[in-house]
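Scroll down for the structure; my scribbles are underneath it.
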Amino acid sequence: QPSVDFFTHEVMIHPVTNRPADKRSFIPSLIEKEKVSKLVHAIKMGWIKPRKPKDDTPTYYDLWAHEEPGSILGRHKMHVPAPKMKLPGHEESYNPPPEYLLSEEEKLAWEQQEPAERRLNFVPRQYRCLRAVPAYSRFIHERFERCLDLYLCPRQRKMRVNVDPEDLIPKLPKPQDLQPFPTVQALVYRGHSSLVRCLGISPSGQWLVSGSDDGTLRFWEVSTARCMRTLPVGGVVKSVAWNPNPTVCLVAVAVEQSVLLVNPCLGDKLLYGATDQLLESYVAPEEERVQPVRWDTATPEEHAKGIRLIIRHSKAVKQVTWHGKGDYFASVVSDNGNMQVLIHQASKRWSQNPFRRSKGLVQCVLFHPLRPYFFVATQRYVRVYNLLKQELTKKLMANCKWVSSMAIHPGGDNVICGSYDSKLAWFDLDLSTRPYQMLRHHKKALRSVAFHRHYPLFASGSDDGTVIVCHGMVYNDLLQNPLLVPVKVLKGHALTLDLGVLDVIFHPTQPWVFSSGADGTIRLYT
Amino acid sequence: SRRLCILKGIYPHEPKHKKKVNKGSTAPRTFYLLKDIKFLLHEPIVNKFREYKVFVRKLRKAYGKGEWSTVDRLKDNKPSYKLDHIVKERYPTFIDALRDLDDALSMCFLFSTFPRSGKCHVQTIQLCRRLAVEFLNYVIASRSLRKVFLSIKGIYYQAEVLGQPVTWITPYAFAHDHPTDVDYRVMATFTEFYTTLLGFVNFRLYQSLNLLYPPKIDGQADIELKPVEGQEYAMDSESYLEKLSALSASLARAVAPAHEEEAELDEFPVEGETAEQMDAKKKEQEALEKHKKLFEGLRFFLNREVPREPLAFIIRCFGGQVSWDKSLCIGATYDVNDPSITHQIVDRPRVEQQVVGRYYLQPQWVFDSVNAKLCLPVADYFPGVLLPPHLSPFVTEQEGDYIPPEKLKLLAMQRGENPDEESEEEEDEEDDNDKEEEEEEDESEKEEEMKLKKMEEQKTQSNKMLPVKVTAGKLRLEDKQRLEQEQQSEEKRLAIMMMKKREKYLYKKIMFGKKRKVREANKLAAKRKAHDTAVKEEKKKSKKARRA
């Protein structure tokens, strides 16, 4: 069938259809008119806006052509620029030196770590050539995390301490300039079979007394380390104190529930004879007075051993201490009641209970060397009482958990307190009731502290087996604060049962220090 | 909103008293400064965002109703916004912008490698590519590349642009497997800002070198190139970016270059500067000039298995000429058979048909030479040879840090010494020499170890208390120096005891950090030693096997 090409590109002389034109092709369209009028109305009302002219400014131009200084606002000064990303180290190389590759166990440790804790966020790998390097699978992650850091991480200016650690060390006077102080161990006093709890020294410095858990009291000659006498007392010796009065030769010993007054019968015969006479010259008063304790004279066999008087308490005694004059002494009873501290007078065989109420568990007591003050250390506080006025004068806050021991400077204005939480507090009584300085030199609990009678030295013994000797200079000038410098760490005691040094005491005249340890020895450092 | 914060660069702050601000709770919350938020409020772009939101809503409606004329009209009036003023506001000076360029560049380079579908607009990808190529061309023209590093993550580059170090990383040219746990909208917002920033920076940088922007390929080079590509590429404008990205032609300058004038810088003596400092500065300047002309006069040819773009970029940055196979990419200037080629970069185990008169080298040679600032001996980089370790140029070792032996060698070489001339000699001799060398190394290592050990000891001494027991006999044996040292250390220990609590804490922290550093260095040294001995043993064994 031949196709009739109706719509050719050639213009024909006849139209394809002979239909006449519509009427609507002659008259204007109403719909269009309506539309146009709508548009006109919209234009009139401002609903249709003319097309915005395209701005023909180039996309990029010299933005910083006019850098006026005014454009740097306060914001920019406060702005914390984001830290740049860390630059890669050798371990990130595709061919790192072999030491930077992780070994098997390091790799395992790396895998087990939290992703945030890892020091490297990738495992170093080695490829033999550049062609073998694959794409890094976490690349997009890392960029994304960087983005998050940039807009979500709080920024803060941190002051980096850029100090030389040497500068932090305080400049102290050299220990050599502060001599004399004990430096080396000179003598070891052996003989006790159990821990040596306490030490006492005669005022002349010739004799040393020690009490031990093996139930004996031993008297030593200081210069030769010879045991002069052994006195079995039948119980753990908790505390000994040698009478500080040089004309009296008497030792107070705390054994279980009693305090023994022992005449060691050492040294000058005249002296200890006089002491015996002094004790025997006691005349009982006419009327019996009610006393908190019982005073017994020793039986003949006890007398032969040297025991002169026995003061029987109702509870175990844990400390005795003499007054400087050598007549009064105080004992501490481990008890919760009001009978914890008792003050005794040896010449009159008379005891009294100074406190009506207990203010906590008393750890130790001390007489002021010059004034009629009495120091009572409870677990956290040290109370200072005036014995004449019978009132509380001061309450020192020790800033520690549990006071173990206490010592007073011979000048009487400074007190040190050792505590079981390995701190030593130095109080200046004139300054404040809080410690002037806390020294944390020991690693373990402090057991005892001591002042030297003449030299500006104090020592502390601790459970870590060391004795630390410090220079503690107190100036007469009230404006100048005491100077505390540790000068020597003395070691020697072996740790037994987790206990090291139990007691320290200074020689009354020489710069020597004695320490008694849990290993059953007493050591002298000179 | 998030977008506004990103664009304006608003970040949270860490309050001074966290508990006070957080109403007593210590739960982690982010805090913005009230001032910052107020600052965001009167930003004109907020209105633009609103307009855009309205536009999108209208468009969706028109689509839904099928009103195509309305769609066209709306599309014609699409609201657009510009970030120019934000760039200017965030970076009031050009130097500020340069300082923050690292992230912008890395992001642009990443986006320019994205495929043309899916994750973001094609226009963004093209724009990123364009800006990245422009920046690369600037770096070539100004010869400001300083360091390059092939890491397992990608390739790091560091350029010094107007005195500011600018570091960026490009991924290796592979297809990305797009992670699903990444919010691309955040990245796109960042990129939006970064492209604006980078565009303005590029403009300014081109201006500073008197180059035309947008960049034009230098006329002469263009003519040279034309006959080659005339047949393959129908439209000039299409191939324009590709030609540019070939990085093989220099750019047109607005003003005729005046190299000779620039070369001689006037010297202005600065007051308060000693002659030594001046000398040092001068020397540094000379070294820099030398570094810039590292590959001057060398002609490279890149084999097709070698990543073309980074290598071409690096070589051109240091004045070398570079070409590649014509079928690989446009812009090749000479052929493989060109006799004037001095170095051919190859990354396959062996090369058939070696042409005499050129070195066949692995690509690491280029990178290592750039970092070493000198052309390294080529022997270690022949095809198929076990490559020496590639070290990071970004590490500057401080006193007490571990320095790998390769770095020590390199430093010696830079100083002008040539300690391993022997290693280039024949194989037979090499073994003995190697041993010597290793022994030397061992010695030096030992010395180092001794030093480290001593340091360790001193530190442990300071912690341990010395025994007090010093008998007279021992005293005589010990020399005075030791005694004095002991005394000093004891003094130090005593002084440390007297430190205040806070200072002691700080001191201990510092000392702990130092000790850890020493420990790490020791560990690395020990590992290296073990590795070296293992390698040695293996060598011996193989030698024996060969003899047997």
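From the list A:VAL489, A:VAL504, A:VAL485, the one residue that fits, being assigned to a strand (DSSP E or B) and more than 14 Å from chain B (Cβ to nearest Cβ), is A:VAL504.
Looking only at segment A:1-33, count every residue that is part of a helix (DSSP H, G or I) and surrounded by 10 or more Cβ atoms within 10 Å (Cβ to Cβ) and tell me the total. Counting residues in segment A:1-33 that are part of a helix (DSSP H, G or I) and surrounded by 10 or more Cβ atoms within 10 Å (Cβ to Cβ) gives 1.
Restricting attention to segment B:493-507, the residues being modelled with pLDDT of 80 or more and exposed (fewer than 15 other Cβ atoms within 10 Å of the Cβ) number 2. Among the residues making up segment B:339-351, those that are buried (at least 18 other Cβ atoms within 10 Å of the Cβ) and out of contact with any Pro (no Cβ under 8 Å at 6 or more places or on another chain) are B:ILE341, B:HIS343, B:GLN344.
Examine segment B:91-102 for a residue that is closer than 25 Å to A:GLY74 by Cα, in a helix (DSSP H, G or I) and without any contact (Cβ under 8 Å) to a residue 24 or more places away in the chain, and state whether such a residue exists. So far as segment B:91-102 goes, yes, one or more of its residues are closer than 25 Å to A:GLY74 by Cα, in a helix (DSSP H, G or I) and without any contact (Cβ under 8 Å) to a residue 24 or more places away in the chain. For the condition facing chain A (nearest Cβ under 10 Å) and assigned to a helix (DSSP H, G or I), what is the one hit in B:LEU197, B:LEU136, B:LEU205? The unique qualifying residue is B:LEU197.
A quick yes/no check of all residues on (1) more than 14 Å from every other protein chain (Cβ to nearest Cβ); (2) surrounded by fewer than 16 Cβ atoms within 10 Å (Cβ to Cβ):
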position	(1), (2)
B:ILE314	no, no
B:VAL322	yes, no
B:LYS326	yes, no
B:ASN337	yes, yes
B:GLN353	yes, yes
B:GLY357	yes, yes
B:SER369	yes, no
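A:ASN121 falls short on exactly one of the conditions (1) at the interface with chain B (Cβ under 7 Å from one of its Cβ atoms); (2) more than 30 Å from B:ARG348 (Cβ to Cβ); (3) not basic (Lys, Arg), and that condition is (1).
Total residues in segment A:336-359 satisfying the condition of being over 18 Å from A:VAL382 (Cα atoms) and either touching a helix residue (DSSP H, G or I) at 6+ places or on another chain (Cβ under 6 Å) or of a type in the set (D, E, K, R) (or both): the figure is 2. Here the condition is being out of contact with any Gly (no Cβ under 6 Å at 6 or more places or on another chain), assigned to a loop (DSSP other than H, G, I, E, B), touching a residue at least 12 places away in the same chain (Cβ under 8 Å) and over 25 Å from B:LYS283 (Cβ atoms); of B:VAL322, B:VAL355, B:VAL366, it holds for B:VAL355 alone.
Going residue by residue through segment A:166-189, is there one that turns out to be away from chain B (no Cβ under 14 Å) and either among the charged types (D, E, K, R) or over 30 Å from B:ARG493 (Cα atoms) (or both)? The answer is no; no qualifying residue exists.
Residues are listed down the side, and each one gets a yes or a no for (1) in a loop (DSSP other than H, G, I, E, B); (2) without any contact (Cβ under 8 Å) to a residue 40 or more places away in the chain; (3) more than 7 Å from every other protein chain (Cβ to nearest Cβ):
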residue: A:LYS77; (1), (2), (3): no, yes, yes
residue: A:PRO83; (1), (2), (3): yes, yes, yes
residue: A:LEU87; (1), (2), (3): yes, yes, no
residue: A:GLU91; (1), (2), (3): no, yes, yes
residue: A:PRO96; (1), (2), (3): yes, yes, no
residue: A:ALA116; (1), (2), (3): yes, yes, yes
residue: A:TYR127; (1), (2), (3): yes, yes, yes
residue: A:ALA135; (1), (2), (3): yes, yes, no
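Restricting segment B:105-133 to residues that are within 11 Å of another protein chain (Cβ to nearest Cβ) and aliphatic (A, V, I, L, M), the residue that is surrounded by the fewest Cβ atoms within 10 Å (Cβ to Cβ) is B:LEU127. For segment B:167-194, the set of residues classified as of a type in the set (Val, Ile, Thr) and either facing chain A (nearest Cβ under 10 Å) or touching a His at 6+ places or on another chain (Cβ under 6 Å) (or both) consists of B:THR167, B:ILE169, B:THR170, B:VAL182, B:VAL186, B:THR189, B:THR191, listed by residue number.
Tell me which residues, restricted to segment B:105-132, are within 18 Å of B:PHE174 (Cα to Cα), in a helix (DSSP H, G or I) and hydrophobic (A, V, I, L, M, F, W, C). The answer is B:MET107, B:CYS108, B:PHE109, B:LEU110, B:PHE111, B:ILE125, B:CYS128, B:ALA132.
Residue selection: B:LEU59 fails the criterion of being out of contact with any Lys or Arg (no Cβ under 9 Å at 6 or more places or on another chain) and either surrounded by 15 or more Cβ atoms within 10 Å (Cβ to Cβ) or part of a helix (DSSP H, G or I) (or both). Among the candidates A:LEU396, A:LEU392, the residue that is part of a strand (DSSP E or B), without any contact (Cβ under 8 Å) to a residue 12 or more places away in the chain and farther than 28 Å from A:GLY517 by Cβ is uniquely A:LEU392.
Filtering segment B:82-122 to residues that are of a type in the set (Gly, Ala, Ser) and closer than 15 Å to B:TYR194 by Cα leaves B:ALA97, B:ALA104, B:SER106, B:SER112.
Looking for something more than 24 Å from the chain's Cα centre (by Cα), over 20 Å from A:GLN363 (Cα atoms) and either of a type in the set (S, T, N, Q) or surrounded by fewer than 23 Cβ atoms within 10 Å (Cβ to Cβ) (or both) - is there at least one such residue anywhere in segment A:423-436? Yes. Contact annotation: residue pairs with Cβ atoms under 7 Å, 6 or more positions apart or on different chains, pairing a residue in segment B:57-78 that is charged (D, E, K, R) with a partner that is surrounded by 14 or more Cβ atoms within 10 Å (Cβ to Cβ), are B:LYS58/B:LEU74; B:LYS78/B:PHE55. Evaluate the following for A:LYS107: is it more than 7 Å from chain B (Cβ to nearest Cβ) and surrounded by 11 or more Cβ atoms within 10 Å (Cβ to Cβ)? So A:LYS107 fits the description; yes.
Residues that are under 14 Å from A:ASN121 (Cβ atoms) and more than 7 Å from chain B (Cβ to nearest Cβ) were ranked within segment A:143-162; the one that is surrounded by the most Cβ atoms within 10 Å (Cβ to Cβ) is A:ASP149.
The values are calculated or read from the model by the stated rules, or taken from the named source; none is laboratory data. Given the structure is predicted, the values throughout are model-derived calculations rather than measurements. No Cβ is skipped: glycine too gets one built from the backbone with ideal geometry, and neighbour counts run over all protein chains shown.
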